[in-house]
Amino acid sequence: MNPYSSVVVRTLAARLDRNQVAAFRRGMQDLLRMDQPRVVFDFCSVTHLDSAGIEFLLNCLSAIVKRDGELKLAAL
């Protein structure tokens, strides 16, 4: 991993549920295609997380790991 590659911080919506996941996924598509993506998901505003949100997080983790990247969670 390149120690000088940039880190992208994404603040999650207050509700990370089935209704919000589709929009957030569209916004993440380009980022998840990068080589060695370094991503931080900021949970400071999240008040509700359902199974669709958890599935989305696991899918992001899987895509990032396949590209030798890192995913961190903040403000849980």
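The values are calculated or read from the model by the stated rules, or taken from the named source; none is laboratory data. Predicted model, so just to flag it, every value in this text is computed and none were measured. Keep in mind that these areas ignore ligands, DNA and RNA; they rest on the heavy atoms of the full protein, side chains included. Shrake-Rupley method; radii C 1.70, N 1.55, O 1.52, S 1.80 Å.
With a 1.4 Å probe and every protein chain left in place, work out the accessible area per residue of the chain in Å², rounded to a whole number. Spell out each step's value before the answer.
On the way: 4840 Å² over 76 residues.
On a per-residue basis, the chain sits at 64 Å².
Out of the total accessible area of the chain (probe 1.4 Å, heavy atoms of protein only), what percent is carbon and sulfur?
Working: 2480 of 4840 Å².
Using a 1.4 Å probe with all protein chains present, the chain comes out at 51 percent carbon and sulfur.
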Q) Can you give me the Cα centroid spacing of the range 35-56 and the range 4-26 in angstrom? A) 6
(Q) Tell me the label only: which of (1) 42, 25, 18; (2) 32, 24, 16; (3) 34, 20, 16 is Cα extents along the principal axes in Å as calculated from this structure? (A) (3)
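Where does the chain land at 222 nm, in deg cm²/dmol rounded to the nearest 500, when only DSSP H runs of n ≥ 4 count, each adding -39500 (n - 2.57), divided by all residues? If you can, show how the numbers build up before the last one.
On the way: 2 runs with 31 residues, N = 76.
Mean residue ellipticity, 222 nm, calculated: -13500 deg cm²/dmol.
At 0.36 nm per residue, minus the direct Cα-Cα distance, what do L61 and R25 gain on full extension? Give it in nm, one decimal, please. Could the numbers behind the result be given before it?
Details: separation 36, 0.36 × 36 = 12.96 nm, distance 1.25 nm.
Value of the extension gain: 11.7 nm.
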Q: Determine ³J(HN,Hα), in whole Hz, for all residues of the range 55-67 in sequence, where each value follows from phi through the Karplus function 6.51 cos²θ - 1.76 cosθ + 1.60 and θ = phi - 60°; x replaces Gly and Pro.
A: 4, 4, 4, 5, 5, 4, 4, 4, 5, 5, 5, 4, 9
